[in-house]
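Shown next, in structure tokens, is the structure this report addresses.
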Amino acid sequence: MRQSNRAFLCRCLLPAATAALPAPILFCDDRKDGQAKRSQAPPTLPIDAHAKKSSPESKPTNEPAATPSSTTAASSASPSSSSSSSKVPAVLMVSRGSSHQLVTLLLQLHNKGLRHFSEVRKTRFAGNPHSCLEDRSLHKFVQNVVNVWGKLEEIEYRCIDVFDDKIFLDDAQVNEVAQELKREDLHYLASMPDTFEDLMPLADSLGAALGASLISNDPASSRSRLDKAGMQEALAKRGLPNAREARQFRASTLAEAVQAMNTGNLSYPVVMKPVLSCGSQGVFLCYNEQELESALASNLGQPLMFGNTIQEVVVQEYFQGQEFVVNTVSLKGKHRVLDMWRAEKGRRNNLILYGHQTLVPDSSAEADVVKFSLAVLEAVGIEGGPAHLEVVRTPQGMRLIEVNARPAGHAPRAARQVGEDQNSATVQALMHPDEFLERASKTPHYKLQREETVAVVFLQADKDGEVLREDLLRIAGLPTFWRFDRTSTPMFAEMLQRTKEGCFWICSATENLFTVPLTVLLVGSEKAVLEDMAAIRSMEPTLYKPFGFHDPSKYFGSLEGGNETRWFATSLPGIGDQVEARPGCQFQGQDGQVDHYQPEDVGTVIGSSKDRVTITWHRSGKTTSTLKSAVGQNFKVVGKCPPVPEVGTHVKMHPGKQFQTPRKPGESVVAPDDVGVVAKREGGHLTILWQNGYGSHIDESQWALFFRVVPSPEPDGNEEDEQFSSEAPATKVQGKTPSREPQFILNADPPSIQSNSNDQEAASDDDEQSAPKG
């Protein structure tokens, strides 16, 4: 197998104290010549010492020439420009990280002759796990898959990180990124966003700055393609039939919304949604003012998938009629419809939920849908690239729900029925534009090549729940079942067959597209598909069991939108709970020589973080840390945390824990296994007197982190009437009387605590207990 000779050169540009850029930009470059350097660097930004850049002057002599396919693309884009046709065609994608969309498009473009692919990853902060430097999966794919195919020239892949949570970047940031992307040997054919519409403004701006010749949209009209109210305004401005009758208003306060409803031409029911949103997030159907107020409170100030917060909503007329989903690809203002789906939605309270979609042909029955959709693309300024529309046929005519200037946010669903999809049509537009334009001039836009019904069923969870493997297998066993969709697990149905009986996944209550647990694709005769859709809906009332219903040791993971944090809080042991190691579970340390716990050992949970549980074991005194996802497999709860101990209750310090006093640095004044008694409970704090005469104060909410309740010791001799008291000059513990007045260690804030020397080692070693589940 031929190995790639490309070196991935990464460069981090961080704003200097006087830098004008508001956000850092990180540049990763993959060039053949690892020693090449760019002749100029931004003067206001310091460059990491390890960074190296490539320059046009030092371009390698063995750079592949443009292939016939790419030459055709370049020359078609600029027929009058000889310099353009001599350059290497390139494509730019703006993304949030490596995705199925990126991989598919890159592979197909490379197969058609593209030799340069640039990616800009827009994330919110430096060190984001999806950034170019942190997530190297696409780099690995290029190196180990794309560039080992001996029959094709290697593709050059570059990646640039932009860290900012704003949707619309300022000109300085855009120009800085564009300057890094520009090379005299490159001619950009396209600048396109991935499957998130908030990336579209940056893709538009970069396309204009780079002079992308085939697929790029005017950044001046970007907001009309993103703003839910702005796209309706764009349609009305174009004079689209019926568009001027679509009624709506914007609001950022309840007073504005109520006043607009009382004085405007809208009447209930109305739909409220954030002005900037996606995936039906924040969409509510309101039948009265009370529901309008509730919907507004549920939106304003809430975080969006984009990373920003909701500052403004749009209230629109509720369009009632038959809905359709339309997927298109455009080039130079010419459009192709790739597939259309008849859509049905459901409702729960005032939420509008995805129900199911059925593939329909491009026939005279849907001619109005096609005509209206293409008019929408022109009205909002989509000249090139994929788009995803939702429209509705009402008694008053066609209406727009929304249009998104990006591909559909899922894997292609109709490719085998239609013969192509948005990815393949985009590749055709870029590499063979003449063929695309010729195809766009013909009708119908597509024909179904199979006499079968294709449907997509969106599961609707009525609560946060656990979904059993056997129930999912019942769905997979339906006669028309094709595959599960919207899951991060490849070949999910096949994996179900291999998992153990009783395994389960968790889901969240469905509120929008991002909390749809799974989608189910069905293919067959119309009658059989309808029967299986009904069967799925009949299963759903018992499909979602409440958290804690199943054995936590069988937990396997989360479905789309599943909230592990809520499940952990409900189903895993809490602080102070006692757990027992399951049969076969033991931990002997990294070298296998240190006994931490054995099967049936009992320990107390003394800590819990976002993803780990810390346990101190009673027999060994060792402390271990385990991933929460593995706790249920390794341990079972044998005792719940007792209530806050009352006055007179004896407690013992957990093994591995100790208190120190500032007056004696480094000296333990309360050591592991020391016994004390609760002398006072007041104001949310416990006062504990210890056998050595020291006393400590601790918050009631933290006591189980450090102590456990133990039986009261048997009195001996004549001392049987003596009691523990915070007011006594001498305090008795375990039959012994301290020789001095109690000295108090104030621990109102978390007390100064040291774990034993094995804690840190145990925390890292015990990762082996969180091996993948089977």
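Looking at the structure I just gave you, is G562 in a loop (DSSP other than H, G, I, E, B) and farther than 21 Å from V637 by Cα?
So G562 passes the test.
Output the residue which, of all residues in region 145-172 that are open to solvent by 70 Å² or more (accessible area, probe 1.4 Å) and at pLDDT 90 or above, is nearest to the chain's Cα centre (by Cα).
Step by step, filter region 145-172, then rank; the result is F168.
Quickly run through region 389-400 and pick out the residues that are open to solvent by 20 Å² or more (accessible area, probe 1.4 Å) and closer than 14 Å to A343 by Cβ.
R393
Cβ-Cβ distance below 7 Å, separation of 6 or more or different chains: which pairs start in region 203-228 with a residue that is free of Cβ contacts under 8 Å to residues at least 60 places away in the same chain and over 21 Å from H116 (Cβ atoms) and end on one that is small (G, A, S) and part of a helix (DSSP H, G or I)?
P219/S205; P219/A208; R223/G230
Against the condition open to solvent by 10 Å² or more (accessible area, probe 1.4 Å), modelled with pLDDT under 85 and touching a Gly at 6+ places or on another chain (Cβ under 8 Å), how does P68 come out, does it pass?
Spelling it out, P68 is indeed open to solvent by 10 Å² or more (accessible area, probe 1.4 Å), modelled with pLDDT under 85 and touching a Gly at 6+ places or on another chain (Cβ under 8 Å).
From V523, V529, grab the single residue that is among the β-branched types (V, I, T) and in a strand (DSSP E or B).
Residue meeting the stated conditions: V523.
Taking the condition part of a strand (DSSP E or B) and in contact (Cβ under 8 Å) with a residue 60 or more places away in the chain, does R347 pass?
So R347 fits the description; yes.
Please tell me if G524 is touching a strand residue (DSSP E or B) at 6+ places or on another chain (Cβ under 7 Å) and either touching a residue at least 60 places away in the same chain (Cβ under 8 Å) or open to solvent by 50 Å² or more (accessible area, probe 1.4 Å) (or both).
So G524 fits the description; yes.
Can you run down the residue pairs with Cβ atoms below 8 Å, 6 or more apart or on separate chains, where the first is in region 90-106 and closer than 18 Å to T123 by Cβ and the partner is surrounded by fewer than 22 Cβ atoms within 10 Å (Cβ to Cβ) and among the acidic types (D, E)?
Sorted first by the residue in region 90-106, then by its partner, the pairs are G97/D135; S98/D135.
What about P386, is it in contact with a helix residue (DSSP H, G or I) (Cβ under 9 Å, 6 or more places away or on another chain) and closer than 30 Å to F319 by Cβ?
Yes: the conditions hold for P386.
Of (1) surrounded by fewer than 20 Cβ atoms within 10 Å (Cβ to Cβ); (2) at pLDDT 50 or above; (3) over 29 Å from E420 (Cα atoms), I47 satisfies all except one. Which?
(2)
Take the residues in region 447-491 that are in a loop (DSSP other than H, G, I, E, B) and open to solvent by less than 40 Å² (accessible area, probe 1.4 Å), then tell me which one is farthest from D339 (Cα to Cα).
Restricting to residues being in a loop (DSSP other than H, G, I, E, B) and open to solvent by less than 40 Å² (accessible area, probe 1.4 Å), the top hit is A461.
Keeping to region 244-270, report how many residues are at pLDDT below 85 and aliphatic (A, V, I, L, M).
The qualifying residues number 1.
Residue by residue through region 173-192, note down the ones that are under 29 Å from the mean Cα position of the chain (by Cα) and of a type in the set (A, V, I, L, M).
V174, V177, A178, L181, A190, M192
Limited to region 492-505, what total is found for residues that are more than 22 Å from G409 (Cβ to Cβ) and either part of a loop (DSSP other than H, G, I, E, B) or open to solvent by less than 70 Å² (accessible area, probe 1.4 Å) (or both)?
Counting residues in region 492-505 that are more than 22 Å from G409 (Cβ to Cβ) and either part of a loop (DSSP other than H, G, I, E, B) or open to solvent by less than 70 Å² (accessible area, probe 1.4 Å) (or both) gives 8.
From the set of residues in region 283-315 that are in contact with a Lys or Arg (Cβ under 7 Å, 6 or more places away or on another chain) and of a type outside the set (A, V, I, L, M), which is nearest to Q248 (Cα to Cα)?
Within region 283-315, the match that is nearest to Q248 (Cα to Cα) is E312.
Report, by residue number, each residue of region 609-622 that is surrounded by fewer than 21 Cβ atoms within 10 Å (Cβ to Cβ) and within 37 Å of the chain's Cα centre (by Cα).
Those that are surrounded by fewer than 21 Cβ atoms within 10 Å (Cβ to Cβ) and within 37 Å of the chain's Cα centre (by Cα): S609, K610, D611, R612.
If a residue must be over 15 Å from E291 (Cβ atoms) and among the aliphatic types (A, V, I, L, M), how many such residues does region 245-268 contain?
3
Quick grid of which residues meet (1) open to solvent by less than 30 Å² (accessible area, probe 1.4 Å); (2) within 20 Å of H410 (Cα to Cα); (3) among the polar types (S, T, N, Q); (4) not in a strand (DSSP E or B):
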{"site": "A297", "(1), (2), (3), (4)": "no, no, no, yes"}
{"site": "G307", "(1), (2), (3), (4)": "yes, no, no, yes"}
{"site": "Q311", "(1), (2), (3), (4)": "no, no, yes, yes"}
{"site": "F319", "(1), (2), (3), (4)": "yes, no, no, yes"}
{"site": "V329", "(1), (2), (3), (4)": "yes, yes, no, no"}
{"site": "A387", "(1), (2), (3), (4)": "yes, yes, no, no"}
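For residues in region 89-129 being among the aliphatic types (A, V, I, L, M) and under 20 Å from V174 (Cβ atoms), which is farthest from the chain's Cα centre (by Cα)?
A90
What pairs come out if I take residues in region 672-685 that are within 14 Å of F706 (Cα to Cα) and hydrophobic (A, V, I, L, M, F, W, C) and pair them with residues that are at pLDDT 90 or above and assigned to a loop (DSSP other than H, G, I, E, B) whose C-beta lies under 6 Å away, six or more apart or interchain?
Filtered contacts from region 672-685: V678/V647; V678/T649.
Taking the condition of being not in a helix (DSSP H, G or I) and not aromatic (F, W, Y), how many residues in region 132-177 meet it?
24
State yes or no: is E197 touching a strand residue (DSSP E or B) at 6+ places or on another chain (Cβ under 7 Å), in contact (Cβ under 8 Å) with a residue 40 or more places away in the chain and open to solvent by less than 10 Å² (accessible area, probe 1.4 Å)?
When the stated conditions are applied, E197 passes them.
Could you grab me the full set of residues in region 411-446 that are touching a residue at least 60 places away in the same chain (Cβ under 8 Å), in contact with a helix residue (DSSP H, G or I) (Cβ under 9 Å, 6 or more places away or on another chain) and outside any helix (DSSP H, G or I)?
Scanning region 411-446 gives A411, E420, D421, H432, T443, P444, H445, Y446.
Can you go through F141, F117 and tell me which one is buried (at least 22 other Cβ atoms within 10 Å of the Cβ), closer than 27 Å to R486 by Cα and among the aromatic types (F, W, Y)?
F117
Would you confirm whether any residue within region 483-506 is at pLDDT 95 or above and under 17 Å from L353 (Cα atoms)?
no
The values are calculated or read from the model by the stated rules, or taken from the named source; none is laboratory data. Keep in mind it's a predicted model, so treat the numbers as computed, not measured. Here Cβ is always computed from backbone atoms with ideal geometry, including for glycine, and neighbour counts include all displayed protein chains. All accessible areas refer to the heavy atoms of the entire protein, side chains included, with ligands and DNA or RNA removed. Shrake-Rupley method; radii C 1.70, N 1.55, O 1.52, S 1.80 Å.
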